[in-house]
Structure formats: C-alpha cells, structure tokens
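What follows is a single structure, written as structure tokens, with notes after it.
The values are calculated or read from the model by the stated rules, or taken from the named source; none is laboratory data. These figures come from a predicted structure and were not determined experimentally. Don't worry about glycine lacking a Cβ; one is built from the backbone with ideal geometry, like all the others, and counts go over all protein chains shown. Side chains included, ligands, DNA and RNA excluded: accessible areas come from the protein's heavy atoms. Shrake-Rupley method; radii C 1.70, N 1.55, O 1.52, S 1.80 Å.
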Amino acid sequence: MYGWRARIGLISPMPGENIEHAFHIHAPEGVSFSSMKMPFPGPTPEGLVILTDQLESTAAKYKGQNLDLIVFGCTSGSFIKGMGWDQECVKRIESASGSPGLTTSTAVMEALRALEAKTVAVLTPYPDATNEAERQFLENNGIHVTNIAGMDMSGVPSRRIPDAEKPFLYRNSKAMDLKGADVFFLSCMALDTLDFVGALETDLGLPVITSHQATLWSALRHCGVRTKQPELGKLFTI
C-alpha cells in the first residue's frame, strides 16, 4: 500500500504533468497521489471561470475513494473570483467528493502566514487581468503586494506555461524588484519549481514560496505529515 501515511487526490488543469512529477519525487515516503485533469483554455479570467465550472463534477469522481485530502492544484483558478473564492472551491470539493479539500491559493495563504509575511513580491506567467485579480486576492487577505509582474512567455519556445524551463524561471526571478518584500512568490502550479527553490532562496536572500512548494507543504500538514525538507526552502523547516 503506497499511501500508508496519506492518500491525496489532485485536480489540475490540462496540459502538463509537472505537478504529479514534482510531488512524486519530493513527497516523503508513504504519501501517494492520484490525479485528474480538467480541460483549460488558458489563464485569462474567462478561461479560469470555464476551468472552475468543472470542479464539482471532477471532484465527484473521487467520491468513495477514501482519500485523506483532495487538492485543487491551480493558483489562479482558486483566486479568480476574489476573496473567499478559495474557500468556496474547498466547499465544492468536499460536498461533491465527501473528502476534505484544499486549494493552492489556500495553501499559499497558509504558507505566507507561517512565514509571518506581511508583504510579498509576485512573479507569474499570467496576463495582466489575472495578475490584477491575484493582487486583489492577496491584499484583501491582508498581504501587501509590493510588486507583481508577468513573465514574457516568448522566452518559452512553445509558449506553453508547463514548458517553461528552470533557467528561464530562475533568470526571471532574479530580475524581480524585491524592494520592501518579506517573501518572493513564484505563482502558478504549471511551473516546475521544486528542484530550485532552495537555490533561489539562497541567491535572493529572501524566503521563497512557489505554488508547487506551498501546495505540497500544506497538503502534507493537512494530512498530519510534518516532515522537514529544508532543500525545499524555509517553509519546509516550519
């Protein structure tokens, strides 16, 4: 039995398998994941509404699976309708599946509070309208956004978010204006970030949160798994 410590269901947008890949590599022994995908037209506000309209019907497919947690692994999809939308997504997951729920935006807020952050600089692969929605979500939840920037995805040959490689993400992160920020947040579950969180944190001289890292950290702790993994950043020492 692979999930003798925790069994977690993932719900995430198509395309890409970065979430599954990262979690299987970095989760501690005894934690297992199953996964379901939802069609996704893109990270515009309109596309994100189409995505989240599928959340309940997808979560319902997990009903009766005896999971410890079901995670909606999408940052922008779980904040796009403003303050409280992440909690509404949790309610929909739980009602449809009968299992406890979590979203990436909820996990990010838990991570920021655990790090006692009051200010944050945010880097994303989103368009401006989605970035503005993220700014409002964070600030309405009590976190001041010192800077939020969308990466020029023309630096990714396919222009597909999941195909953004680590050197591209690292360079864009290093170029951020971090003045006044307590924490740097690299936002989007489609980005493959777990392998370089520790190095980025060292080089920036600032605690780093990424969507993958915060979601894995929060999911494990919601399941009562409290392993310390300092290679995944300061967050995983808490």
Out of the strands (runs of 3 or more DSSP E) lying entirely within the stretch 1-95, which hold 2 or more residues that are open to solvent by 30 Å² or more (accessible area, probe 1.4 Å) and either farther than 27 Å from GLU231 by Cα or in contact with a Pro (Cβ under 6 Å, 6 or more places away or on another chain) (or both)?
31-38
Would the stretch 22-30 turn up any residue that is without any contact (Cβ under 8 Å) to a residue 60 or more places away in the chain, in contact with a Lys or Arg (Cβ under 8 Å, 6 or more places away or on another chain) and charged (D, E, K, R)?
yes
Out of everything in the stretch 225-237 that is closer than 24 Å to CYS74 by Cβ and not in a helix (DSSP H, G or I), what residue ends up being most open to solvent (accessible area, probe 1.4 Å)?
GLN229
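Is it the case that LYS61 is closer than 18 Å to LYS37 by Cβ and free of Cβ contacts under 8 Å to residues at least 40 places away in the same chain? I'd like the intermediate steps shown before the answer.
Working: closer than 18 Å to LYS37 by Cβ: yes; free of Cβ contacts under 8 Å to residues at least 40 places away in the same chain: yes.
Yes: the conditions hold for LYS61.
Return a yes/no flag: does the stretch 186-198 have any residue that is of a type outside the set (Phe, Trp, Tyr), closer than 15 Å to LEU112 by Cα and modelled with pLDDT of 95 or more.
Our first condition is that a residue be of a type outside the set (Phe, Trp, Tyr); within the stretch 186-198, this holds for 186-195, 197-198.
Going one step further and asking which of them are closer than 15 Å to LEU112 by Cα, we end up with 186-187.
If we keep only those that are modelled with pLDDT of 95 or more as well, we get 186-187.
Yes.
Find the residue count for the stretch 40-53, including only residues that are more than 18 Å from the chain's Cα centre (by Cα) and under 22 Å from ILE70 (Cα atoms). Talk me through it step by step, then tell me what you get.
Here is the first cut: in the stretch 40-53, the ones more than 18 Å from the chain's Cα centre (by Cα) are 41, 46, 50, 53.
Now drop any that are not under 22 Å from ILE70 (Cα atoms), which leaves 50, 53.
Selection size over the stretch 40-53: 2.
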Is at least one residue of the stretch 45-53 within 25 Å of CYS223 (Cβ to Cβ) and in contact (Cβ under 8 Å) with a residue 40 or more places away in the chain?
no
Against the conditions (1) part of a helix (DSSP H, G or I); (2) free of Cβ contacts under 8 Å to residues at least 24 places away in the same chain, where does LEU220 fall short? Just the number, please.
(2)
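Can you go through GLU88, GLU134 and tell me which one is closer than 22 Å to ASP182 by Cβ, charged (D, E, K, R) and out of contact with any Leu (no Cβ under 6 Å at 6 or more places or on another chain)?
Details: GLU88 fails: closer than 22 Å to ASP182 by Cβ.
From the options GLU88, GLU134, the qualifying one is GLU134.
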